[in-house]
Amino acid sequence: MTLSTHVLDATTGRPAAGVEVRLERGGDGGWVPSGRGETGPDGRLRLTGDGGAEFEPGVYRITFDSGAYFLARGSASFYPEVTITFEMTGRDEHYHVPLLLSPFAYSTYRGS
């Protein structure tokens, strides 16, 4: 099971480079950190499980530090973070979570 994301800045029509991303897995004791990173110049990030291991099926949430991204560009934003909760079930599948981001709105879908 693999996971990636792609963040696009809707205000510029360009990839959102430098967005901090956190990944957590849901469990009986709450949310457990499962990965982190920063989007590259193309706005993309491929996430891996702890120690580079593959992900296990389960419920995950990915959090984008949208407030810091816009602040670094001199712009206010309404959403300091964007958190998307989703479920990965297919061991042989690739999961892609795109984010279309602006200071006052966002959109997401299951990508390919």
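For this structure, a couple of remarks:
- Extension reserve of the I84-T12 stretch, reckoned as 0.36 nm per residue once the Cα distance is removed: 23.7 nm
- Extension gain, A68 to T48, is 4.9 nm, computed as 0.36 nm per intervening residue step minus the present C-alpha separation.
- Think of the chain as a dipole: +1 on every Lys or Arg Cβ, -1 on every Asp or Glu Cβ, centred on the Cα centre; then among G111, S77, G26, S77 lies furthest on the positive end.
- Taking 0.36 nm per residue of separation and subtracting the current Cα-Cα distance, fully stretching the chain between R110 and D92 would add 4.9 nm.
- Only one item in [x] 53, 38, 21; [y] 39, 28, 23; [z] 47, 29, 27 matches Cα extents along the principal axes in Å derived from the coordinates shown, and that item is [y].
- Label separation (E20 vs V32): 2.4 nm, computed from points 7 Å beyond Cα along the C-beta direction.
Readers should treat all values here as calculations from the given coordinates under stated rules, not as data from a laboratory. No experiment lies behind these values; they were computed from the predicted model shown. A quick note on method: Cβ atoms are made from the backbone with ideal geometry, for glycine too, and the neighbour counts reach across all protein chains shown.
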